[in-house]
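Here is the structure we will look at, set down as structure tokens.
No value in this document is a laboratory result; all are computed from the given coordinates. What you see is a predicted model; the values in this text were computed from it and never measured. All Cβ positions, even for glycine, are placed from backbone atoms using ideal geometry, and neighbour counts span all protein chains on display.
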Amino acid sequence: MNYGIVDRAQLEDIKTAMLEILISKGVECVILLDKAGNTIATADNGVCDYDIYAFTALGAGNFATVESMANIVGENDFTQFFHTGEKTNIYFCKVDDNLLMVSVFGKDLSLGYLRLNVADLMHKIRLICRQGIEQSGR
Amino acid sequence: MFVNLKTKEIQLKIVYYGPGRGGKTTNLEYLNQKFRDRIKTEMVSLKTQDDRTLFFDFLPIGLGSIKGYNIRIQLYTVPGQVKYNATRKLVLKGVDGVVFVADAQQEQRAKNVESLNNLYENLKAHNIDIFDIPLVLQYNKVDLKESEIPLLAMETLQNDLNSRLKVPAFEASALNGRNVVPTLKKIISMTMASVQDKIK
């Protein structure tokens, strides 16, 4: 249960990493969620005002749909995809077997640059979760 | 379920399941109206053009604080139409409790049984035993009796759907709200008890 996130400090660390790695680079909002549609952690630039719970439910549904489509074409899953709009874009990626991440960003940020930073953030989150699993296993 | 130790919040997922046009969405619409003051956001509905549920409805409700933790119940419905089984299965991912909304009309008898069997199968696909998960049955549309539409007797519904499960069951009318809130209260109390067992 809880994907290795077993104490408050881990959630603080995840939020700090989200702020430092993505929000400081211009990402509007980032959500860490699970496949069931639960919100694990969020960070934003203080300007956007999205309905995070609805966003999370829809994000999990979106992932589930894409995963099913991947299965139809013989893939295990698609680990990342993005939707592009006129002003705002959404980037989806899979952190691990349970956790997913959604980043909302504007046209000032290139997708390639975002992906590099998201990869860095995902690495940090995986480390934090792994440490939690090791701690709780002791 | 996710327990957020930073925000002191427990998120629980309750899914309304059942045959097509049985009243799952109407349950959530009634709750959305009734508890408007506790729901800070709009209900999300992914519908087809002809107003049938395509993927799910979603309604988060804050229940206040229990033992220092804020409880947030996330209510989902599934599409009832037989052809949407793939999406029904997806919505059950991570479910903590289920309300099965049966249609009390006589002509829907076989569809109720078919849908309950489908719930059993889809829970099994997520390694969940229908006999282990918190489950409440709701026999909906009893208000149609006033329109002289033939309804199944409570005993018949119980025999068809609840003879082995032996879970709490309510006669209800989602349209006028009868027993909609008691159904929700029952599934919440059962889910909370189940969650407390897991946390221990």
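For chain B, relative contact order (Cα pairs under 8 Å, six or more residues apart, normalised by length) works out to 23 percent.
Dipole magnitude for chain B: computed about the Cα centre from +1 point charges on Lys and Arg Cβ and -1 point charges on Asp and Glu Cβ, it is near 800 debye. Considering only A:118, A:104, A:73, the mean-square fluctuation computed in a Gaussian network model of chain A, springs between alpha carbons under 10 angstrom, is largest for A:73. Here's how it looks for residue A:50: its modeled amide H is under 5 Å from none belonging to a residue 5 or more places away or on a different chain. Excluding same-chain neighbours fewer than eight residues apart, the lysines reachable from residue A:35 by a Cα-Cα span under 22 Å are A:15, A:94, A:124, B:6, B:8, B:13, B:47, B:89, B:93, B:124, B:198.
According to the square roots a ≥ b ≥ c of the eigenvalues of the Cα gyration tensor, what is the shape class of segment A:53-138, taking rounded for a/c under 1.5, prolate for a/b larger than b/c otherwise, and oblate for the remainder? Since a/c reaches 1.5 but b/c is at least a/b, the shape of segment A:53-138 is classed as oblate. A Förster radius of 22 Å, combined with the Cβ-Cβ distance separating residue A:86 from residue A:47, puts the computed FRET efficiency at roughly 0.80.
Loop-located GluC sites (Glu not before Pro) in segment A:57-138 (DSSP state not H, G, I, E or B) with no more than 12 neighbouring Cβ atoms inside 10 Å: A:75, A:86.
If you plug the beta carbon distance of residue B:155 and residue B:46 into 1/(1 + (r/R0)^6) with R0 = 41 Å, you get a FRET efficiency near 0.65.
With a cut-off of 20 Å on the backbone N, the residues of segment B:99-139 near the modelled label site 7 Å out from residue B:196 along Cα-Cβ are B:132-136. Among the GluC sites (Glu not before Pro) in segment B:80-153, those placed in a DSSP loop whose Cβ has at most 12 other Cβ atoms within 10 Å are B:148. In order along segment B:111-121, the phi-based Karplus estimate (6.51 cos²θ - 1.76 cosθ + 1.60, θ = phi - 60°) of 3J(HN,Hα) comes to 5, 4, 5, 4, 5, 5, 4, 5, 4, 4, 5 Hz; Gly and Pro are listed as x. Here the sum of -39500 (n - 2.57) over DSSP H runs of 4 or more residues, divided by the residues of the protein assembly as shown, equals -12000 deg cm²/dmol at 222 nm, to the nearest 500. For chain B, the longest principal axis of the C-alpha atoms and the axis of helix B:180-199 are separated by about 50°.
Fully extending the segment from residue B:185 to residue B:124, taken as 0.36 nm per residue of separation minus the present Cα-Cα distance, adds 19.4 nm.
Looking at segment B:18-122, the trypsin sites (Lys or Arg not before Pro) that sit in a DSSP loop and have at most 11 other Cβ atoms within 10 Å of their own Cβ are B:40, B:67.
Percent antiparallel among DSSP beta bridges with both residues in segment B:48-185, to the nearest 5? Restricted to segment B:48-185, the bridges split so that about 50 percent are antiparallel.
Taking the centroid of alpha carbons for each part, segment B:58-75 and segment A:1-52 are 19 Å apart. What the Kirkwood sum gives for chain B is a hydrodynamic radius of 17.1 Å, with every pair of different alpha carbons counted.
With springs connecting C-alpha atoms under 10 Å apart, model chain B as a Gaussian network and identify which of B:98, B:44, B:15 has the largest mean-square fluctuation. Looking only at B:98, B:44, B:15, the largest GNM fluctuation is found for B:44. Rounded, prolate or oblate: pick one for the protein assembly as shown, where a ≥ b ≥ c are the square roots of the eigenvalues of its C-alpha gyration tensor, a/c under 1.5 means rounded, and failing that, prolate if a/b is larger than b/c, else oblate. The shape class here is prolate. Other protein chain C-beta atoms within 10 Å of residue C-beta, averaged over A:56-68: 4.
Per-residue shielding of B:1-12, expressed as the average number of other chain Cβ atoms within 10 Å of the residue Cβ, stands at 6. Between the helical axis of B:24-34 and the longest alpha-carbon principal axis of chain B there is an angle of about 50 degrees.
Put simply, the amide H of residue B:17, placed in the peptide plane, has neighbours under 5 Å in B:99, B:100, B:101, leaving out anything fewer than 5 places away on its chain. With neighbour counts taken as other beta-carbon atoms within 10 Å, the residues B:147, B:173, B:45 rank, fewest first, as B:147, B:45, B:173.
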